[in-house]
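Read through the structure below, which is laid out as structure tokens, and then see the notes.
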Amino acid sequence: MTALSSSPAAVAAGAWAHQDNAVLSWNDGFLLGLAAMDSTHREFVDCVAALQRAADADLPARLADFARHAVEHFAQEEQWMASTGFPATQCHTDEHAAVLNSVREVQALLDGGADGQVARDLARALADWFPGHADYMDAALSHWMSKRAHGGPPVVLRRRASAAPAASDFPT
Ligand SMILES: [Fe+2]
Ligand SMILES: [Fe+2]
């Protein structure tokens, strides 16, 4: 399977094959060090998780929630790119547009009476798409903005993966 065939844009075209049912959940690996962006990304994760967990009857409402979120999320980043002269704007903006197109197509399919599976497939594709987009495109924007504002990359504080301290953490 190519990267393109698992993109949200491919879902509405029916090119994406369902892989697993893991619900997207936040982890500190998603933190990029720009507070406003990190907050928006937590909301993205929550919206996708709500869509993945939704009962069939609730899928249109949860998809509408996600659409509202995505419009604001992407507009915010695109405004940051424009206002700071970010150099790699086009491919980032193109990815956002592809996601929104897929959302609109799936909304139209649901409105036309399609089975809810098309929305579940979209949710799965969004869950697959987000880590790569955040890690590559959003991280580049976060670094760019931090460098302009502070002269260096953002400082990212992540909780340790393990809750239990290791013996080596304590002084002897
Ligand atoms: Fe983002
Ligand atoms: Fe983005």
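Brief remarks on what is shown
- Selected residue (criterion: nearest to ligand 2 (Cβ to nearest atom)) from residues of the stretch 115-140 that are small (Gly, Ala, Ser) and assigned to a helix (DSSP H, G or I): Ala134
- Within the option set Ala127, Ala114, being under 16 Å from the mean Cα position of the chain (by Cα) and either modelled with pLDDT of 95 or more or within 16 Å of ligand 1 (Cβ to nearest atom) (or both) holds for one residue only, Ala127.
- Residue count, the stretch 16-75 (criterion: within 19 Å of Ala114 (Cβ to Cβ), more than 16 Å from ligand 2 (Cβ to nearest atom) and not in a loop (DSSP other than H, G, I, E, B)): 12
- Scanning the stretch 76-114 for residues that are within 16 Å of ligand 2 (Cβ to nearest atom), buried (at least 16 other Cβ atoms within 10 Å of the Cβ) and among the acidic types (Asp, Glu), we see that the one that is nearest to Asp38 (Cα to Cα) is Glu77.
- Scan of the stretch 9-27 for residues that are farther than 12 Å from Phe130 by Cβ and at pLDDT 95 or above, ordered by number: Val23
- Screening the candidates Arg68, Arg62 for the property of being surrounded by fewer than 17 Cβ atoms within 10 Å (Cβ to Cβ) and charged (D, E, K, R) yields one hit, Arg68.
The values are calculated or read from the model by the stated rules, or taken from the named source; none is laboratory data. Quantities reported herein were computed from a predicted structural model and do not represent experimental measurements. Every residue, glycine among them, receives a Cβ derived from its backbone with ideal geometry; neighbour counts consider all protein chains shown.
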